[in-house]
2 protein chains.
Amino acid sequence: MTEQTIEINLSNNKKEKPNPDQLSFGKVFTDHMFTVSYSEGKGWHEPKVTPYQPITLDPASMVFHYGQTVFEGLKAYLANDGRILLFRPKKNLERLNLSNQRLCIPTIDEELVLSGLKKLLEVDKEWIPNAPGTSLYIRPFIIPTEAFLGVAPSNHYQFMIILSPVGSYYKEGINPVKIYVEDQYVRAVSGGTGKAKTGGNYAASLKAQEGATSRGFSQVLWLDGVEKKYIEEVGSMNIFFKINGEVVTPALNESILEGVTRNSVLQLLKYWEIPVSERKISIEEVFESYSKGLVEEAFGTGTAAVISPVGELSWRGENIVINNGETGTIAKKLYDTLTGIQKGDVTDYFDWTISVDVK
Amino acid sequence: MTEQTIEINLSNNKKEKPNPDQLSFGKVFTDHMFTVSYSEGKGWHEPKVTPYQPITLDPASMVFHYGQTVFEGLKAYLANDGRILLFRPKKNLERLNLSNQRLCIPTIDEELVLSGLKKLLEVDKEWIPNAPGTSLYIRPFIIPTEAFLGVAPSNHYQFMIILSPVGSYYKEGINPVKIYVEDQYVRAVSGGTGKAKTGGNYAASLKAQEGATSRGFSQVLWLDGVEKKYIEEVGSMNIFFKINGEVVTPALNESILEGVTRNSVLQLLKYWEIPVSERKISIEEVFESYSKGLVEEAFGTGTAAVISPVGELSWRGENIVINNGETGTIAKKLYDTLTGIQKGDVTDYFDWTISVDVK
């Protein structure tokens, strides 16, 4: 692919930045966005940084009808030495293209996207909050824009990146959450789209989340769609258990999203020589191990919360409290290490962060 | 619900109507659309008929990210006596609300939608084509519009109806199609969203359809997501087989969309005293029955094609040709009866059609 020049149109109308102490998630957006268009014949073209602005589409545009969308989520951090750090962005862009393939969307040049993201960050660098626990959430996404009601892949797409300054996921450090094990609704199944980061998976999850919330739980733990027996994910995070000295996470399959944080956690655990395995794990095994006193920790992993300890699990009316409802040693160590690497405060053993050069 | 007044703003800029002999599906839209807005607190409000126009949304609008969309598809016909006929619209609006419930979208007043649809048809009545086999395709849909990146039901929605004049689905009557039995990809699973008409189900189907097309088949026959054994749907239609004198269709479950045409076909078959049953049917049973010479017909049912005969089925490399690749007697009779009722040419035994009064 020939290198494409990224056009830059700056905004004349700078918005007021939010109070860094009152940041929530995904409600405030920066002054600019990065877009690339796709049309059949031309491929991905016209990469540009423009003022953040509304999208105008025909009501028949496919995005409103057939859900052929993909997205990613990652973060930029302001290090104490002033550098802008990205955490493993290439993993997200690789996954974006895996999602594209599943959804019949043309793959996009990962280098072009990374260049565009860097330009966008350069332009909106003042939006990166620097209070502890804050970061700039990055949302790349692709929507089909052709105005056509036939069920078929679109011939036109729009790729976009928007940015949102976000606060610490947990106000006072990390806090264990109560999880409801869902055995009626299913998030994904082998042969479906669970491995891809596409809108439909999230739409499918809302009903179960609504039920969990009404029962007083924070999130849902998903079981496999075939036997409703094996553990898959928690909310929109991957899940880990420490059972009898070994850390276990469900092996990847067609219905589990491969999290970048999951991958990083696995590498850290191996580096620390903590026994770890990726394998099938049933909810029954967790409850049985618990009754033998062997479940030491449980935690979710994802970009938003990084590490989210599980304090309580409820399955078929039975509740178990893990580690006295407190954050476990490993969860804490992972959280401190990962957020430390992300902020540039801890040695980046694995060259995970990429520094964005700002002129 | 208090009755809401539907505001009407007519277009000053009438578009040219397409040549009725060259109509395709879902590419040309009429001069107006019907919309209703939803916001928390206000509920569904501001029903109005307006000129057909683009939608302008913030890039963070949930429709671009989390697939919380639902839609319907039905048709209006111009009868030979000049009446405008709708085919069982209340069934579609009931199903719209079932889809809404699964997707955590607030239900909408079905009477209000029907009134709005009638007003819209009145305004755009000249767009209803009258050539044989043509009709006006009606697409109601709902999109979440709140600008928020949290995974949660939206607090704002837009309901819309757009209209598209469409040609005969088959250029020269009905023609049997070749179908590929998909045993890798899955459309839906129990506990998922298969029963709802939501974008994600259609996005999930694209990859399998691409594979079927590249192998020379028109459509995919979907098996259940758990055992990949039981027949569910064909393309985006329901499926029927005539085996040894009995017509069989898969019993409804959580992963099958309840088609309005399916329901109508069942009623007609019972009325005609043709043996019919709704039950689980495995793909193995179809192939075994075929080897005994018992498979007499197969056909799909749906709004777009009404009845679509299946001439050939391919499963795990084995191909079977049904009824010599020709349209069966029952498929033909159903097609003629249903399209006849829809156009007002055949006695409407069941009061299926609703006539739209035009001033």
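Does A:Q158 meet the test of being of a type in the set (S, T, N, Q) and within 29 Å of A:L23 (Cβ to Cβ)? It would help to see each step written out before you state the result.
Values: of a type in the set (S, T, N, Q): yes; within 29 Å of A:L23 (Cβ to Cβ): yes.
The answer is yes for A:Q158.
Please pick out the residue among B:P132, B:P106 that is assigned to a loop (DSSP other than H, G, I, E, B) and under 30 Å from B:N19 (Cβ atoms). First the steps, then the outcome.
On the way: B:P106 fails: under 30 Å from B:N19 (Cβ atoms).
Answer to the selection: B:P132.
Name, by its number, the condition in (1) under 25 Å from the mean Cα position of the chain (by Cα); (2) surrounded by 18 or more Cβ atoms within 10 Å (Cβ to Cβ) that does not hold for B:V295.
Just one mismatch for B:V295, condition (1).
When the stretch B:20-45 is examined, which residues are found to be among the hydrophobic types (A, V, I, L, M, F, W, C), surrounded by fewer than 22 Cβ atoms within 10 Å (Cβ to Cβ) and over 20 Å from the mean Cα position of the chain (by Cα)?
B:W44
So that you can scan it fast, the table gives a plain yes or no per residue for (1) facing chain B (nearest Cβ under 7 Å); (2) of a type outside the set (D, E, K, R):
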residue: A:I128; (1), (2): no, yes
residue: A:F141; (1), (2): yes, yes
residue: A:I162; (1), (2): yes, yes
residue: A:A188; (1), (2): no, yes
residue: A:K195; (1), (2): no, no
residue: A:Q209; (1), (2): no, yes
residue: A:L223; (1), (2): no, yes
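Is there a residue being closer than 27 Å to B:N100 by Cα, among the acidic types (D, E) and within 14 Å of chain A (Cβ to nearest Cβ) anywhere in the stretch B:258-269?
Quick first cut of the stretch B:258-269, residues closer than 27 Å to B:N100 by Cα only: B:258-267.
Now restrict to residues that are among the acidic types (D, E): B:258.
Those left that are additionally within 14 Å of chain A (Cβ to nearest Cβ): none.
No - not one qualifying residue is present in the stretch B:258-269.
Determine whether the stretch B:308-320 contains at least one residue that is within 24 Å of B:P89 (Cα to Cα) and within 18 Å of the chain's Cα centre (by Cα).
Residues of the stretch B:308-320 within 24 Å of B:P89 (Cα to Cα): B:308.
Now narrow it down to the ones that are within 18 Å of the chain's Cα centre (by Cα): B:308.
Looking through the stretch B:308-320, at least one residue is within 24 Å of B:P89 (Cα to Cα) and within 18 Å of the chain's Cα centre (by Cα).
Checking A:K14 against (1) crowded, with 22+ Cβ neighbours inside 10 Å; (2) more than 9 Å from chain B (Cβ to nearest Cβ), which test does it fail?
The one condition A:K14 does not meet is (1).
Take the stretch A:29-48 and flag every residue that is closer than 17 Å to A:H156 by Cα and not in a strand (DSSP E or B).
A:E40, A:G41, A:K42
Which of the residues spanning the stretch A:313-327 are open to solvent by less than 30 Å² (accessible area, probe 1.4 Å), out of contact with any Leu (no Cβ under 6 Å at 6 or more places or on another chain) and among the β-branched types (V, I, T)?
A:I322
Suppose we filter B:Y230, B:Y180, B:Y169 for residues that are at pLDDT below 95, under 24 Å from B:I330 (Cα atoms) and of a type in the set (F, W, Y); which single one remains?
Working: B:Y230 fails: at pLDDT below 95; B:Y180 fails: at pLDDT below 95.
Testing whether each residue is at pLDDT below 95, under 24 Å from B:I330 (Cα atoms) and of a type in the set (F, W, Y) leaves just B:Y169.
Which of the residues belonging to the stretch B:143-155 are more than 8 Å from chain A (Cβ to nearest Cβ) and either in a loop (DSSP other than H, G, I, E, B) or surrounded by fewer than 20 Cβ atoms within 10 Å (Cβ to Cβ) (or both)?
B:T145, B:E146, B:S154, B:N155
Conditions (1) in contact (Cβ under 8 Å) with a residue 60 or more places away in the chain; (2) under 25 Å from the mean Cα position of the chain (by Cα); (3) closer than 24 Å to B:C104 by Cβ, marked per residue:
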{"site": "B:P47", "(1), (2), (3)": "yes, yes, yes"}
{"site": "B:T56", "(1), (2), (3)": "no, no, no"}
{"site": "B:V63", "(1), (2), (3)": "yes, yes, yes"}
{"site": "B:Y66", "(1), (2), (3)": "yes, yes, yes"}
{"site": "B:E72", "(1), (2), (3)": "yes, yes, yes"}
{"site": "B:K75", "(1), (2), (3)": "yes, yes, no"}
{"site": "B:N80", "(1), (2), (3)": "yes, yes, no"}
{"site": "B:R83", "(1), (2), (3)": "yes, yes, no"}
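Please determine whether any residue of the stretch A:80-102 is in a loop (DSSP other than H, G, I, E, B) and either surrounded by 22 or more Cβ atoms within 10 Å (Cβ to Cβ) or assigned by TED's automatic domain parsing to the domain that holds A:F241 (or both). So that I can check it myself, show each step before the final result.
Applying the first criterion (in a loop (DSSP other than H, G, I, E, B)) to the stretch A:80-102 yields A:80-83, A:88.
Subsequent filtering for residues that are either surrounded by 22 or more Cβ atoms within 10 Å (Cβ to Cβ) or assigned by TED's automatic domain parsing to the domain that holds A:F241 (or both) retains none.
No: zero hits.
Within the stretch A:51-59, does at least one residue satisfy the condition of being at the interface with chain B (Cβ under 7 Å from one of its Cβ atoms), touching a Pro at 6+ places or on another chain (Cβ under 8 Å), part of a strand (DSSP E or B) and surrounded by fewer than 20 Cβ atoms within 10 Å (Cβ to Cβ)?
Yes; the residues of the stretch A:51-59 include at least one that is at the interface with chain B (Cβ under 7 Å from one of its Cβ atoms), touching a Pro at 6+ places or on another chain (Cβ under 8 Å), part of a strand (DSSP E or B) and surrounded by fewer than 20 Cβ atoms within 10 Å (Cβ to Cβ).
I'd like the full set of residues that are surrounded by fewer than 22 Cβ atoms within 10 Å (Cβ to Cβ), farther than 21 Å from A:L103 by Cβ and touching a residue at least 40 places away in the same chain (Cβ under 8 Å), limited to the stretch B:211-229.
Answer for the stretch B:211-229, where residues must be surrounded by fewer than 22 Cβ atoms within 10 Å (Cβ to Cβ), farther than 21 Å from A:L103 by Cβ and touching a residue at least 40 places away in the same chain (Cβ under 8 Å): B:S218, B:K228, B:K229.
Could you list, in sequence order, the residues of the stretch A:233-272 that are in contact with a helix residue (DSSP H, G or I) (Cβ under 9 Å, 6 or more places away or on another chain), more than 21 Å from A:V220 (Cβ to Cβ), of a type in the set (G, A, S) and open to solvent by 10 Å² or more (accessible area, probe 1.4 Å)?
The answer is none; no residue qualifies.
Kindly provide the set of residues from the stretch B:114-128 that are among the acidic types (D, E) and crowded, with 17+ Cβ neighbours inside 10 Å, ordered by number. If you could, list the steps in order and put the result at the bottom.
Going through the stretch B:114-128, the residues among the acidic types (D, E) turn out to be B:122, B:124, B:126.
The answer is B:D124, and nothing else.
The values are calculated or read from the model by the stated rules, or taken from the named source; none is laboratory data. Bear in mind that the values here come from a model prediction, so they are computed numbers and not experimental data. Note that each Cβ is placed from the backbone with ideal geometry, even for glycine, and that neighbours are counted across all protein chains shown. Surface accessibility is based on the protein's heavy atoms, side chains included, excluding ligands, DNA and RNA. Shrake-Rupley method; radii C 1.70, N 1.55, O 1.52, S 1.80 Å.
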